[in-house]
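Data block below; observations after.
Every number in this text was worked out from the coordinates using simple rules, so none of it is lab data. Predicted, not measured: the structure shown is a model, and the values here were computed from it. With ideal geometry, Cβ positions are generated from the backbone for all residues, glycine too; neighbour counts draw on all protein chains shown.
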Amino acid sequence: MHDGKTITPAEIPPLTRGCAILGTGGGGVVTVAALSAERALRQYGDVDLVTLADLPADGLVLPLGSIGAPTVSHEMLPSGDEGLIIRETVEQTLGKPVVAVMASEIGGGNGVEPVALAARLGLPLLDADGMGRAFPEVQMVSMYVAGRDPGLVVLADVQGNVAALRPASGTWSETLARAVCVAMGSTALMADYILPVGEMRGAAIEGTVSRAIAIGRAVIGAEDPVGSLTAELGASNLITGKVVDIERRTGGGFVRGSVVIDGVGDCKGRLLRVEIQNENLVALEDGEVRASVPDLITIVDSQTAEAISTESLRYGQRVSVLAWPCAPLWRTSAGLRTAGPAAFGYDIDYVPVEEANA
């Protein structure tokens with residue numbers, strides 16, 4: 001049963017830091033989501049953090065997340081009513097009550113914003129998500145890998161538009177939702193894989209909200225923030241250096257590009273290139289893959305260990321690049337087909353990050 005865990009305003013700073021790190025460069029802006037979450041908790045009260053075992057098997061879990069280009073969501077803020085519109089549409093269409101909110105992805109602002117949405121809707125937050133990180137495409141969720149049907153997909157935007165889709169497959173959910181998102185101005189709130197609790201078992205990645213809070217707590221107040229973070233994550237520090245080259249372009253609802261880091265100190269004379277599609281996808285050094293999706297690659301400030309999102313990367317920043325293992329589900333053949341290097345168009349074999357850096 002529910003063990004009394006709640007999210008209060010005190011949990012928001014560590015949750016925000018942890019989600020930024022799990023965001024692997026994407027997942028939306030954390031600062032705006034943190035303000036929204038703190039304000040909602042103060043206005044509507046604390047949010048219960050629950051497990052699937054705490055919930056009725058036939059109640060619906062509502063996975064929520066922003067879809068679109070992070071650079072756009074930075075400028076076009078949500079109205080706050082999108083979650084209410086989506087819940088109403090879901091309950092009317094499916095004829096069942098929503099019993100909990102879940103983050104579609106724990107990474108970035110999409111890991112923090114569901115706290116505000118749960119508070120506003122008067123619902124508990126599920127200690128789980130669909131990725132254990134952030135990914136750019138709709139079908140790149142654990143529910144898809146676990147073979148669940150995408151069912152109903154609902155998008156709502158800041159103008160009050162709502163679209164309810166019934167895609168034939170997870171990949172169609174990406175194609176259709178992306179087209180609607182672009183029509184909505186390249187940013188919207190989305191619910192997909194709206195499943196009963198019973199079907200969510202074995203399909204969601206559990207414990208990730210608690211994990212994000214623990215990651216944030218490991219860094220806040222630490223004497224050696226990067227060292228503490230690396231230890232908490234079980235990560236490899238791929239390079240510490242300076243951002244010397246950055247290329248970024250927005251199109252089709254994504255931010256794409258790459259960043260080059262020139263090593264300093266012990267890493268002097270080395271160059272690491274990170275490829276981006278909303279998130280950091282592949283880290284290459286001298287043509288060798290040091291880390292790749294679905295493992296996590298995050299660029300952090302080398303003094304504070306604060307995660308730097310792909311849209312905030314700037315020439316001259318002093319950074320460390322950390323990489324660590326993904327949730328086991330992503331290393332299955334279905335997981336690698338969905339979000340391995342080939343899924344993003346890279347002709348490289350996936351090598352687990354701990355083997356590539358042994």
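With the simple spin-label model, which puts each label point 7 Å out from Cα in the Cβ direction, the Ser169 to Val264 separation comes to 4.8 nm.
Over the Cα atoms of the chain, each weighted equally, I'd like the Debye log10 I(q)/I(0) at q = 0.06, 0.09, 0.14 Å⁻¹, rounded to two decimals. Per q value, in the given order, log10 I(q)/I(0) is -0.19, -0.44, -1.10.
Each label point was placed 7 Å from the Cα along the Cα-to-Cβ direction; for Arg337 and Asp58 their separation is 3.3 nm.
Across the chain, the longest run free of exposed loop sites, meaning GluC sites (Glu not before Pro) lying outside DSSP classes H, G, I, E and B with no more than 11 other Cβ atoms within 10 Å, spans 76-222.
Summarised as an ellipsoid, the range 135-278 has semi-axes of 35, 22, 14 Å, derived from the eigenvalues of the Cα gyration tensor scaled by 5 and square-rooted, with the largest first. A simple rule links phi to the HN-Hα coupling: the Karplus curve 6.51 cos²θ - 1.76 cosθ + 1.60 with θ = phi - 60°, which for the range 326-339 gives 7, 4, x, 3, 6, 8, 6, 4, 5, x, 5, 4, 7, 9 Hz, with x for Gly and Pro. Between Val153, Val32, Val255, the GNM of the chain built on Cα springs shorter than 10 angstrom shows Val32 fluctuating the most.
Between amide H atoms placed 1.01 Å from N, distances below 5 Å from Leu296 occur with Trp324, Cys326, all of them 5 or more places distant or on a separate chain.
What's the longest uninterrupted piece of the chain once you rule out the trypsin sites (Lys or Arg not before Pro) that are loop residues per DSSP with at most 13 other Cβ within 10 Å? No qualifying site falls inside 1-267, the longest such stretch.
Taking 41 Å as R0, compute the FRET efficiency from the Cβ-Cβ separation of Gln303 and Arg39 and round it to 0.05. Provide the component values of the computation, followed by the final result.
Details: r = 29 Å, r/R0 = 0.72.
Working from the Cβ atoms, E equals 0.90.
Ranking Ile86, Leu52, Ser142 by how far each Cα lies toward the positive end of the dipole of the chain (charges on Cβ) leaves Ile86 at the top. For Leu281, the residues whose amide H sits under 5 Å from its own are Glu275, Ile276, ignoring neighbours fewer than 5 places away on the same chain, with H placed 1.01 Å from N. Phi angles of the range 125-135 translate, via the Karplus equation with coefficients 6.51, -1.76, 1.60 and θ = phi - 60°, into HN-Hα couplings of 9, 7, 7, 5, 7, x, 9, x, 5, 10, 9 Hz per residue; Gly and Pro are given as x. Mean residue ellipticity, 222 nm, helices only, the chain: the sum of -39500 (n - 2.57) across DSSP H runs of n ≥ 4, divided by residue count and rounded to 500, is -8500 deg cm²/dmol.
Around the Cα centre of the chain, unit charges on the Cβ atoms of Lys, Arg, Asp and Glu (plus for the first two, minus for the last two) sum to a dipole of about 340 debye.
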